[in-house]
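The block underneath contains the structure these notes are about, expressed in structure tokens.
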Amino acid sequence: MAGIKSLVKDTAVYGLSSIIGRFLNWGLVPLYTYLFSEADYGIVSYLYAIVAVVIVVLNYGMETGFFRYASKDDDYEKVYCTCLVSIVSTSLLFIAIVGQFLTPISTALKLPHHPSYVFMMAFTVGIDAITNIPFAYLRFRRKAWTFAAIKLINIGVNIGLNLFFLLACPKIQESAPQLISWFYDPLGGASFGVGWIFLANVISTLTVLACLIPWMRVKRFIVDTGLLKDMLDYSWPLLVLGVAGNLSQGMGQIIIPYLFPDNPEGARAMVGLYGANIKIAVVMMMFTQAFRYAYEPFIFSRARSQGEDKTQAYCDAMKYFVIFGLAIFLGVMFYLPVLKHFISPAYWEGLRVVPIMMIADLCFGIYFNLSLWYKLTDRTRWGMYLSLLGFILMLGGNLILVPMIGMPDGYIGSAWAALISYAGIMTVSYMLGRKYYPIPYEVKRMGCYSILAALLWGIGAYCDFPYAMWMTYLIRSLLLILYMLLVAYYENIPVVSARLHSLLSSADRKTRKP
């Protein structure tokens, strides 16, 4: 029990730092959308999507490999040193290659006029890959608070520099230009545009590297080539899984510029609209991530127990994930007229993707919950197969739907492709789970809740009074409360359901009186 409590505590610390970080970086989106055009923000969204894939390639599964071999080898320092040297070598080589072939790489990425953006992001992702191994070492040594503190330092520096470069520097240039001219003018000042975002990333990443240097000093410099070979053999399926997964998640932002080569400006504008609006839907992704941090230790600790209590716990976890996910969906959709101010009005035409991406992210969260069958039965290769299936569905959906819809709304096809992909792997995983590790999920009840949420969403959408918004929000708030009350009643949630049951029983008795 003490071990589980410690695991839960560490998970909470890691989860808190990651979720806070994602939330604070999410908070920069309004700044970007109000300062930059759709095409300029499209460059940011596009490069970030590519970076998410490159970081997986540069880590080539060594983070997980480190945990695997450090836990089974008494000389974990040897494992750490071997991992660190390997990742540092390949990351520095990557940075050097990008620097050497910057012009053709920038052209291939459809950014021939912005090679500095490409190099800054390549440098950032290379250093990020290096720091991932010391972060893994901190987790292995159970230094959760140190891990979280350095992560939060990274976030604080990045946000502070964004505010300084994008808001403070233009004001300082007007009143006291001599204070910043030494670095601001050579880079182009305000005309450097979104480049300041990438420069803030470079500096914050170097700050993290500096913070981790004490943990990168190994006691003995040992590189075991045999061990490295074993770790690479172990990690390559994780590389395939990670690349396929991240390519799927960023597919819309990555592929759109290549589907409209004759109109690069319009393509970047579509990427900007899509990237900004899916940030509203990221609330569902945050919920899924928070649930994931708690769920993984939960399922593995429950796996040790026997009997129906174990499977009932898995069923309840899935059911309540769906219940809360649907509540988040209704909350976002009912109050979207307020939440849309999170981005600039210039981006509002892309709000159509929000409900599609919310449902897609909910399907992905359900898929993650279903994945316990291959984790608990040591059939992890199925995780790779399902990720590849999701990638194929995502790629195919984008290649068909985006050109079919065309300019300027093609990005809606990317949202539908995401929904098709996530719903597809969710369904396949459920069917395979019934064969290899059957769990009696309450599918009918979850389906009823989904239908209820859909009906309430439809009623809420119909009750839209532009000249009396207070009435709109009142009705929608009552609908959201109705959803929660009905769920509480049927799930027999204490206090709320008892009171509701009493009211319904009383009403039923009155109707039966002669």
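Numbers for the structure displayed
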| read-out | value |
| --- | --- |
| Residue list for the stretch 111-148, restricted to those being open to solvent by 50 Å² or more (accessible area, probe 1.4 Å), of a type in the set (A, V, I, L, M, F, W, C) and in contact (Cβ under 8 Å) with a residue 24 or more places away in the chain | Phe123, Phe140, Trp145 |
| Any chance Val428 is β-branched (Val, Ile, Thr), within 29 Å of Tyr274 (Cβ to Cβ), open to solvent by less than 30 Å² (accessible area, probe 1.4 Å) and in a helix (DSSP H, G or I) | no |
| Complete set of residues in the stretch 210-240 that are open to solvent by less than 70 Å² (accessible area, probe 1.4 Å) and under 23 Å from the mean Cα position of the chain (by Cα) | Ser235, Pro237, Leu238, Leu239, Val240 |
| Pick from the stretch 388-408, criterion without any contact (Cβ under 8 Å) to a residue 24 or more places away in the chain and over 18 Å from Ile254 (Cβ atoms), ranking: most open to solvent (accessible area, probe 1.4 Å) | Met404 |
| Verdict on Tyr385 being closer than 21 Å to Gly250 by Cβ, without any contact (Cβ under 8 Å) to a residue 12 or more places away in the chain and either open to solvent by 10 Å² or more (accessible area, probe 1.4 Å) or of a type outside the set (Gly, Ala, Ser) (or both) | yes |
| The stretch 241-259 - residue that is in contact with a Gly (Cβ under 8 Å, 6 or more places away or on another chain) and open to solvent by 30 Å² or more (accessible area, probe 1.4 Å) and, of those, modelled with the highest pLDDT | Leu259 |
| Selected residue (criterion: farthest from Val118 (Cα to Cα)) from residues of the stretch 81-102 that are open to solvent by less than 30 Å² (accessible area, probe 1.4 Å) and touching a helix residue (DSSP H, G or I) at 6+ places or on another chain (Cβ under 8 Å) | Thr82 |
| Residues of the stretch 25-80 classified as part of a helix (DSSP H, G or I), open to solvent by 30 Å² or more (accessible area, probe 1.4 Å) and among the aromatic types (Phe, Trp, Tyr), total | 6 |
| From Ala423, Ala454, residue being open to solvent by 50 Å² or more (accessible area, probe 1.4 Å), of a type in the set (Gly, Ala, Ser) and modelled with pLDDT of 95 or more | Ala454 |
| Members of the stretch 192-211 that are among the β-branched types (Val, Ile, Thr) and in a helix (DSSP H, G or I) | Ile197, Val202, Ile203, Thr205, Thr207, Val208 |
| Qualifying residue in the stretch 226-243 (condition: charged (D, E, K, R) and over 29 Å from Asn132 (Cβ atoms)) | no |
| Matching entry among Ala313, Ala269, Ala281 (being under 23 Å from Phe364 (Cβ atoms), open to solvent by less than 60 Å² (accessible area, probe 1.4 Å), at pLDDT 65 or above and over 20 Å from the mean Cα position of the chain (by Cα)) | Ala313 |
| Answer residue from the stretch 284-310, given it is closer than 20 Å to Asp361 by Cα and of a type in the set (A, V, I, L, M) and is modelled with the highest pLDDT among those | Met284 |
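Per-residue answers, yes or no, for (1) of a type in the set (D, E, K, R); (2) at pLDDT below 90:
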site	(1), (2)
Glu38	yes, no
Tyr46	no, no
Val54	no, no
Thr64	no, yes
Ala70	no, yes
Cys81	no, no
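The values are calculated or read from the model by the stated rules, or taken from the named source; none is laboratory data. What you see is a predicted model; the values in this text were computed from it and never measured. Cβ coordinates were reconstructed from backbone atoms using ideal geometry, including for glycine residues, and neighbour counts include every protein chain displayed. Side chains are part of the model used for accessible areas, which takes the heavy atoms of the whole protein and leaves out ligands, DNA and RNA. Shrake-Rupley method; radii C 1.70, N 1.55, O 1.52, S 1.80 Å.
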